[in-house]
Amino acid sequence: MGKSWSGLKKELEEKFLCESLRGRVYYFLTHYHDAHDDYGRFCVRVDKNEYAKANPFAYYVKGYYKLECRTKGELDVPDREWTGDGYLYNEENEAIEDKIIEMSINNGDFDICDVTEAIREYKGLPIEKSIASENPIIRMFAIMDRRIGKRTLKKLADQVDIQPNWLQFFYKLRLDSEKINRKKYSSEIIFEENR
């Protein structure tokens with residue numbers, strides 16, 4: 001990412017975070033250097049509670065790795081083989097691995113590397129592309145971004161329910177912080193700003 005975590009955290013919280021969430025939202029990342037694999041954790045703290053927690057073990061503990069192995073077996077995807085120049089069957093394996101990782105992220109189970117990669121991508125994209133990204137972690141940063149104005153938020157208000165469950169919290173948080181409510185009457189959505 002090119003910056004220390006403290007510099008990146010400051011940039012995320014002071015440059016990108018919308019005014020209505022400053023002082024309420026903080027980003028936390030640490031690495032446990034005494035751990036055998038130097039693992040760590042990430043979370044977004046909102047009003048001193050932790051949300052969007054990155055857990056390096058979730059992929060294994062929650063069964064995604066078993067699902068990955070089972071899927072590869074069902075599709076007869078051979079294990080990677082080193083040839084001296086590269087791996088055989090790498091594309092086939094990566095395609096399945098990417099799908100399972102996408103599923104885990106949509107379920108709110110992600111690793112620190114997923115978050116740091118999302119931050120890097122988010123910072124390099126225009127805000128319009130960030131909020132429309134296929135990656136829900138990027139959309140999490142984007143929905144709290146100061147560059148998303150009230151008009152855009154009103155358009156996004158009807159998309160809350162189609163977001164992954166864990167991400168709905170951040171959409172509602174931003175809408176509430178800007179005092180934008182949604183009211184549904186039959187299939188129609190009416191927006192109302194609190195005064």
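Shape class for segment 63-106, computed from the alpha carbon gyration tensor (a ≥ b ≥ c): prolate, with a/c not under 1.5 and a/b above b/c.
Taking a ≥ b ≥ c as the square roots of the eigenvalues of the Cα gyration tensor, an a/c ratio of 1.5 or more together with a/b larger than b/c marks the chain as prolate. Gain on full extension, evaluated as 0.36 nm per residue between L88 and F28 minus their Cα-Cα distance, stands at 17.7 nm. Working from Cα pairs under 8 Å separated by at least six residues, relative contact order for the chain is 17 percent.
Among the trypsin sites (Lys or Arg not before Pro) within segment 1-67, those in coil by DSSP and having at most 10 neighbouring Cβ atoms inside 10 Å are K48. Between the residues A58, F16, A95, the greatest Cα displacement towards the positive end of the dipole of the chain, with unit charges on the Cβ of Lys, Arg, Asp and Glu, is found for F16.
For the modelled label position 7 Å from the Cα of Q168 along Cα-to-Cβ, which residues of segment 99-114 have backbone nitrogen atoms closer than 19 Å? Counting only backbone N, you get 103-110. Against the chain, whose longest principal axis comes from its Cα atoms, helix 90-106 is set at around 30 degrees. Comparing F170, C69, L125 along the charge dipole axis of the chain, the residue lying farthest to the positive side is F170, per the Cβ-charge model. Remark: the E13-R147 segment gains 46.9 nm on full extension, using 0.36 nm per residue and subtracting the alpha carbon distance. About its Cα centre, the dipole of the chain is roughly 1620 debye, where the only charges are +1 on Lys and Arg Cβ and -1 on Asp and Glu Cβ.
Computed from the coordinates by the stated procedures, all read-outs in this text should not be read as laboratory data. This is a predicted model, so every value here is computed, not measured. As a convention, Cβ positions derive from the backbone with ideal geometry for all residues, glycine included, and neighbour counts pool all protein chains shown.
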